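Report on one structure; see the data block that follows.
The values are calculated or read from the model by the stated rules, or taken from the named source; none is laboratory data. This is a predicted model, so every value here is computed, not measured. Ideal geometry is used to build each Cβ from the backbone, glycine not excepted, and the neighbour counts take in all protein chains shown.
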Amino acid sequence: MEVLKVSDLSKNFGGVSAVAGFTMEQREDEITGIIGPNGAGKTTLFNLITGVYPVDSGKISFYGTEITRLPSHKITALGITRTFQNIRLFRNLTVLDNVKTAYGVKIHYTVWEEMVRYPTVKKEEKKTEELARSYLSYFGLEKYSKSYPYNLSYGLQRRLELARALMANPRLLLLDEPAAGLNPKEVRQLIDTLLKIQEEKKLSIIIVEHHMELVMNICTTLHVLNFGRKIAEGEPEVIQKNEAVLQAYLGDEA
Amino acid sequence: MEFYLKVLEITSLYTILVLGAYLMTGLTGLFSLGQGGFVSIGAYTAAIAFLHFHLPFPVAILLAILMGSLVGFLIGIPTLRLHRDYFLLVTFGFGEMVRAALLHLAQLTGGALGIAGIPQLVGLPMILISILLITFLISSLKGTRFGRNCIAIRDDELAASLMGINVYSYKMKVFILSSAITAYGGALYAFVIMFIEPNLFNWLESAKLIVITFVGGVNSITGAIITSVVYYSFGEFFRFVDVWRDVLLAVAVLIVTIFRSGGIFGSWEFSLKKIFRWSGKGIS
């Protein structure tokens, strides 16, 4: 079954076409990569899927439910979570609380119960805390649980973002340049982690990335974007030899 | 003695208003210059209900809270979709609008003459109990999902909505709750000071609430309360330096924003539990 189906998606910013007629299908338990030169519209595509920007035309559906016009928080609640190219953690929340925020939709108590410290609140909070701690230790972050995100190194912040995205227990995970700013060792760690998560959680993942080692190693399908248009689609080995792709990346010979 | 009691009463009244502002500005990062409007709405609703409609005192107070929440809801519908500076301007306009309306609805509000002859039904115990209760409510909210979500919204609205937080609905809840607390403070004010007029709380006073929240520390309810008590009682005790009070506040704001951008108290919170644990360790 298709996890995500994007058909003929377009978006213009003041006459500049950021995404034009993009179509893709994401199958269950697969890792898909979206690559392309800077400014090709990759991040815009994520922003369209997650409802950050309104779609100009086209359709997006998630497990058969249309999500094209839904607000971001509803799309997240349905089971799509994401990370950001420029890390967006909550500065004034501890590492532990950052992870907890993603679980908010799954907590069952009302504002009234919170105000009077009703017993359910304590119970649910305990459950949330345990889960959040398990995700932190999964990513080797448990000893930082009480610190604030800006005290963490770049690599750790990336991991924290990933932990937070997984805390919501998504069915589809969108990763926006997860390897940006990581050193080679960290990139290999990331590859292992992603493959492990994908297998353990039976998760579908879409990755926007420049880092070819990462993309070629873990993606089953690649989509190549250039100037908002898809110029190629296929398995990594095929894409590597594709003329149009080479041109887009390296420029015309002659 | 009576003087000190009076000072404490007024200081405590203002502290209720600071708590209302804390919820909005401190926790959620909404800068409202319209808090004064809600103070007036609370004060006038309670006073008119009590004096003109002869409703019993508790009902008058309850009506003030309801009126505050209702107006908060109505004002919130269009304004909460606006971003920082626009929100600030619209709430500023709202506060001044309330002032103008109270001046011109003279038949009901007494116009510029205000409403006099309100009996003094509220004393220090009631105000202090109110502070305790409101502090309990806000700190309960701060420690659970509600607080986390509010801080997330303050830090990064976009990321918050992508964590599944309905930003608009959360802002609305905060706005209504803050308006209710502020209107309640206004209602108490009427029954403590015994006289209200349209200029009792202008936008400058609303701005002070925000400044106090920031100086105390946006992440600390304790900080907001202590700063509020120091600021408002300082002014009463040092009447002779009255003009300098604002200069001192300004200097404090400058020093805090330059050297301690998280506010004086940072994210420190007073907690009975911690004190018990600490004293227990000391004994054993």
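Of the numbered conditions (1) within 27 Å of B:Leu62 (Cβ to Cβ); (2) surrounded by fewer than 22 Cβ atoms within 10 Å (Cβ to Cβ); (3) among the aromatic types (Phe, Trp, Tyr), B:Phe146 satisfies every one except a single condition; which is it?
With respect to (1) within 27 Å of B:Leu62 (Cβ to Cβ); (2) surrounded by fewer than 22 Cβ atoms within 10 Å (Cβ to Cβ); (3) among the aromatic types (Phe, Trp, Tyr), B:Phe146 is out only on (2).
Give the residues of the range A:216-230 that are out of contact with any helix residue (DSSP H, G or I) (no Cβ under 7 Å at 6 or more places or on another chain) and over 12 Å from A:Asn38 (Cα atoms), sorted by residue number.
Once the filter is applied, which keeps residues that are out of contact with any helix residue (DSSP H, G or I) (no Cβ under 7 Å at 6 or more places or on another chain) and over 12 Å from A:Asn38 (Cα atoms), the range A:216-230 yields A:Thr220, A:Thr221, A:His223, A:Arg229, A:Lys230.
Within the range B:114-162, which residues are in contact with a Phe, Trp or Tyr (Cβ under 9 Å, 6 or more places away or on another chain) and assigned to a loop (DSSP other than H, G, I, E, B)?
Listed by number, the residues that qualify are B:Gly114, B:Ala116, B:Gly117, B:Ile118, B:Pro119, B:Gln120, B:Leu121, B:Val122, B:Thr144, B:Asp156, B:Leu162.
Check off (1) in contact with a Phe, Trp or Tyr (Cβ under 8 Å, 6 or more places away or on another chain); (2) crowded, with 20+ Cβ neighbours inside 10 Å; (3) not in a loop (DSSP other than H, G, I, E, B) for B:Glu96 and give me the number that stays unchecked.
Tallying (1) in contact with a Phe, Trp or Tyr (Cβ under 8 Å, 6 or more places away or on another chain); (2) crowded, with 20+ Cβ neighbours inside 10 Å; (3) not in a loop (DSSP other than H, G, I, E, B), B:Glu96 fails exactly one: (2).
Mind telling me which of the residues B:Phe73, B:Phe53, B:Phe31 ends up being surrounded by fewer than 24 Cβ atoms within 10 Å (Cβ to Cβ), more than 19 Å from B:Phe92 (Cα to Cα) and not basic (Lys, Arg)?
Sole residue among the options that is surrounded by fewer than 24 Cβ atoms within 10 Å (Cβ to Cβ), more than 19 Å from B:Phe92 (Cα to Cα) and not basic (Lys, Arg): B:Phe53.
List the number of the failed condition for B:Ile176; all other conditions in (1) of a type outside the set (Gly, Ala, Ser); (2) surrounded by fewer than 21 Cβ atoms within 10 Å (Cβ to Cβ); (3) at the interface with chain A (Cβ under 9 Å from one of its Cβ atoms) hold.
(3)
A:Asn47: exposed (fewer than 15 other Cβ atoms within 10 Å of the Cβ), of a type outside the set (D, E, K, R) and either in the same structural domain as A:Glu129 (by TED's automatic domain parsing) or part of a helix (DSSP H, G or I) (or both), yes or no?
Judged against the criteria, A:Asn47 is not a match.
Matching residues to (1) within 13 Å of another protein chain (Cβ to nearest Cβ); (2) modelled with pLDDT under 90:
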{"site": "B:Met172", "(1), (2)": "yes, no"}
{"site": "B:Ile181", "(1), (2)": "yes, no"}
{"site": "B:Tyr184", "(1), (2)": "no, no"}
{"site": "B:Val192", "(1), (2)": "no, no"}
{"site": "B:Asn202", "(1), (2)": "no, yes"}
{"site": "B:Gly217", "(1), (2)": "yes, yes"}
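Within the range B:110-146, restricting attention to residues that are over 17 Å from B:Tyr189 (Cα atoms) and among the hydroxyl-bearing types (Ser, Thr, Tyr), which residue is nearest to the chain's Cα centre (by Cα)?
By that ranking, first place goes to B:Thr135.
Is there a residue being assigned to a loop (DSSP other than H, G, I, E, B), within 13 Å of another protein chain (Cβ to nearest Cβ) and under 25 Å from A:Glu161 (Cα atoms) anywhere in the range A:59-78?
There is at least one residue in the range A:59-78 that is assigned to a loop (DSSP other than H, G, I, E, B), within 13 Å of another protein chain (Cβ to nearest Cβ) and under 25 Å from A:Glu161 (Cα atoms).
Here is a check on your reading of the model: is B:Leu66 at pLDDT below 90 and more than 15 Å from the chain's Cα centre (by Cα)?
no
Applying the selection to the range B:111-136, what residues are surrounded by 18 or more Cβ atoms within 10 Å (Cβ to Cβ) and within 14 Å of chain A (Cβ to nearest Cβ)?
Answer for the range B:111-136, where residues must be surrounded by 18 or more Cβ atoms within 10 Å (Cβ to Cβ) and within 14 Å of chain A (Cβ to nearest Cβ): B:Ile134, B:Thr135.
Applying the selection to the range A:93-121, what residues are among the polar types (S, T, N, Q) and either in contact (Cβ under 8 Å) with a residue 60 or more places away in the chain or surrounded by 20 or more Cβ atoms within 10 Å (Cβ to Cβ) (or both)?
Hits for the range A:93-121 are A:Asn98, A:Thr101.
How many residues are farther than 19 Å from A:Val55 by Cβ and part of a strand (DSSP E or B) when one looks only at the range A:1-40?
Qualifying residue count, the range A:1-40: 5.
Output the residue which, of all residues in the range B:140-156 that are of a type in the set (Lys, Arg) and in contact with a helix residue (DSSP H, G or I) (Cβ under 6 Å, 6 or more places away or on another chain), is nearest to B:Val167 (Cα to Cα).
Only one residue fits best here, namely B:Arg154.
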